[in-house]
Amino acid sequence: MTGLGRAGRTLRRTAWQALPTMIGIIILCFFLLKLVPGDAADVIAAEAGSATAETMAALRARFGLDQPLLMQLLAYLDNLAHLRLGFSARFNMPVSELIMARLPNTLMLMLAAMSMALVVGILAGWVMAIFANRWPDRMLQVVVLIFYSTPGFWIGLMAIVLFSVKLGWLPANGNMTIGADLTGFALIADRARYLVLPSLALASFFIAVYARLTRASMLDVQRQDFMRTAAAKGLHPVTIQLRHALRNALIPVTTMAGLHLGNLLGGAVVVETVYGWPGMGRLALEAVTGRDFNVLLGVLLFSSLLVIVANVAIDLLHAWLDPRIEVH
Amino acid sequence: MTYPLLRVEDLTIGFPYGTVVHGVSFDVHPGETMALVGESGCGKSITAFALMRLLPPGARIQGGHVIFDGVDLAAAAPHALRDIRGRSLSLILQEPMTSLNPVLPIGMQIAEVMRRHEGIGKAAARRRSVELLELVGVTDADRRYDDFPHHFSGGMRQRVMIAMAVACKPRLLIADEPTTALDVTIQAQVLELLDDLRRQLGMAVLLITHDLGVVAQWADRVTVMYAGRVVEQAPVRPFFATPQHPYARGLLDASVGHDGEAHYTTRRLNEIPGSIASAAGEAGCPFAPRCPDRIAACRRAPPVLTALGPDHNVACIVAAGTDHVAVDR
Ligand SMILES: Nc1ncnc2c1ncn2[C@@H]1O[C@H](COP(=O)(O)OP(=O)(O)O)[C@@H](O)[C@H]1O
Ligand SMILES: [Mg+2]
């Protein structure tokens, strides 16, 4: 089966399952958000410091907030059906533009955090399995336990104190050096420097999860008969580990990673706030404080889409790792 | 006399909790099939793994030698051992379902061993693997090269394992209960294939089994183990005609059916009264608690393997007529 055909099929299947859920979530959130006291007009008026009843009414009329609730919902759904996400009262621009400006940053953060979690976690777990019950294993177990039990934002704050404030190695706020007109490698290096700390904060818990999982499944694989078969062929131990053990041991790790993508997106809200990272997570927070529900609903919608697409990618990776899996 | 291809001398293997193989010795000559028989748990697999130094974690060779082709494998350096494994000495395991890597195509798993030992390129290894698959009876071999183990039945997987094991034309193939996990009809086919290949390639086979029917049909010589010790070894014909050790006699009696005909394949070894567990903590002969010929001297020390005739050894003071020696000691 070709990878592309498989991807299409999985995407279709996921879409069928996910679309009704997404619409349900949108409707539910819509009503929940309307329960929150205040609306965008209130916030804008409060920030302006002075507003007459007439200007408030005009604002509400402009954003459609004067309509009955059900009409507002229908208007929103109608917009959605035409692939429009509406207009942001607070940022004074179309929601889709707003999200498109933030989405790449969040994607970059998630990608960096997931890669960091997988690479560091798998490496740590592998080392732990190789040295099982000896001092490198025991030492890493303690580190992993700390990562596992400490909230990511706290690790993030401590990392800021150490690497930004004390040592001055890494920037603590934003996603790039403002005004520095960089190109090529310098640009990439600049972005990477800004990525390190937020990715670490976001990844820390998952590093611990994958390290433990890799350790357990690596140890489990060592006991399998096919490992003895591989050794009986005269293969070098390193070849045996790389070619025969690792791929089998990674199957449970990728399964978990797929489930974790949603959690990662949730964690991004906190981490983006701590690090002033201009992503969708922070946008969501700003939308809540500004009562800008169009933006919030748009963020929710895109987040679900993101998780769906990421799951398809993980599913493909999984199928490559484990040929026993066939699409049903 | 031809020098044996494999000489196992006084091989002793233990786990941290105790010794499970006690001073086992046997020879395998070039081109022959030597059967290693004994009931489950008597140490056959552990012995086989020790020959290749592939013991499970915790197990250790505590003493003895494994002289293969003039090299003591029990003392060989790891890299020297790796050059021998898969090339002149190879292994087939009992469970065809788990002994192939589930995430790699079977052809690649066969090609791998030739690329390791013969340094041939990818294309040549593929061609040779397809030939090997045809040799072991996999039809449509060229297409099935890229299939994964889960596409094959148990019997077919064992054929793939055999192809892998004989890829570099080994001098000795160790087959640890190669048919135990298979259907009876498939068992005969796989053993037949092994025997064909043995003759074609001129290799010796160390056939581990608990099935006396298999021994009678396919082996040249037999070594019987009980509770981690060799109790009798002999060429197959004299062994089946006149077994000497009371345990071996019990086995043969147990495998004779009610109508007086031999039903080796349908009867299993543990139909002797008592169980191998009774050997635990025994100071003397491990079989003494179950033995009908037991005398007082049997409880004193484990009997040594004594020559009864040419190539016929037994570890029993009663059968060997050495009971007075034991009493004197
Ligand atoms: N991985 C292991 N850990 C501890 N003991 C083992 C292990 N494998 C085998 N043994 C012990 O070694 C003895 C011999 O086992 P084995 O060689 O597998 O028997 P068999 O003759 O059935 O192949 C048994 O008593 C068994 O309990
Ligand atoms: Mg066994």
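The values are calculated or read from the model by the stated rules, or taken from the named source; none is laboratory data. Nothing here was measured: the structure is a model prediction, and the numbers come from that model. Ideal geometry is used to build each Cβ from the backbone, glycine not excepted, and the neighbour counts take in all protein chains shown. Quick note on the areas: whole protein, heavy atoms, side chains included, nothing else; ligands and nucleic acids left out. Shrake-Rupley method; radii C 1.70, N 1.55, O 1.52, S 1.80 Å.
The table below gives the values:
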quantity: Extreme residue, positive dipole direction of the range B:90-192, given options B:A165, B:M114, B:L133 (C-beta unit charges); calculated: B:M114
quantity: Check: the range B:127-220 dipole with +1 on Lys, Arg Cβ and -1 on Asp, Glu Cβ, in debye; calculated: 360 debye
quantity: Top of B:M203, B:M156, B:M225 by mean-square fluctuation, Gaussian network on chain B, Cα under 10 Å; calculated: B:M156
quantity: Residue-by-residue Karplus 3J(HN,Hα) for the range A:120-135, coefficients 6.51, -1.76, 1.60, Hz, glycine and proline x; calculated: 5, x, 5, 4, 4, x, 5, 4, 4, 5, 5, 9, 3, 6, 10, 4
quantity: Most mobile of A:S149, A:S115, A:S199 in a GNM of chain A (Cα contacts under 10 Å); calculated: A:S149
quantity: Electrostatic dipole magnitude of the range A:98-321 [Cβ: Lys, Arg +1; Asp, Glu -1; Cα centre; debye, to 20]; calculated: 660 debye
quantity: Probe 1.4 Å, protein heavy atoms only - accessible area per residue of chain A in square angstrom; calculated: 51 Å²
quantity: Set of aspartates and glutamates with alpha-carbon distance to B:K44 below 12 Å, sequence-local pairs under 8 removed; calculated: B:D176, B:E177
quantity: Dipole magnitude (debye, nearest 20) for the protein assembly as shown, charges at Cβ of Lys, Arg, Asp, Glu; calculated: 1020 debye
quantity: Gap separating the Cα centres of the range A:297-328 and the range B:162-199, nearest whole Å; calculated: 44 Å
quantity: Qualifying aspartates and glutamates (Cα of each under 16 Å from Cα of B:K122; at least 8 residues distant if same chain); calculated: B:E112, B:E131, B:D142, B:D146
quantity: Alpha carbon centroid spacing (whole Å) that separates the range A:111-136 from the range A:211-228; calculated: 14 Å
quantity: Carbon plus sulfur fraction of accessible area for the range A:3-95, probe 1.4 Å, in percent; calculated: 69 percent
quantity: Shielding by partners, peptide A:231-242 (average Cβ within 10 angstrom, other chains); calculated: 6
quantity: Size of the A/B contact, given as accessible area buried on both chains, probe 1.4 Å, in Å²; calculated: 2100 Å²
quantity: Total formal charge among the other residues, if their Cβ is under 11 angstrom from that of A:T254, Lys/Arg +1 and Asp/Glu -1; calculated: -1
quantity: Span from the the range A:32-74 Cα centroid across to the the range A:244-272 one, whole angstrom; calculated: 41 Å
quantity: Per residue accessible area of the range B:75-154, 1.4 Å probe, in Å²; calculated: 42 Å²
quantity: Candidates B:A315, B:A181, B:A234: whichever shows maximal mean-square fluctuation once chain B is modelled as a Gaussian network with Cα springs under 10 Å; calculated: B:A181
quantity: Tensor-based shape of the protein assembly as shown (alpha-carbon gyration tensor, a/c under 1.5 rounded, otherwise prolate or oblate); calculated: prolate
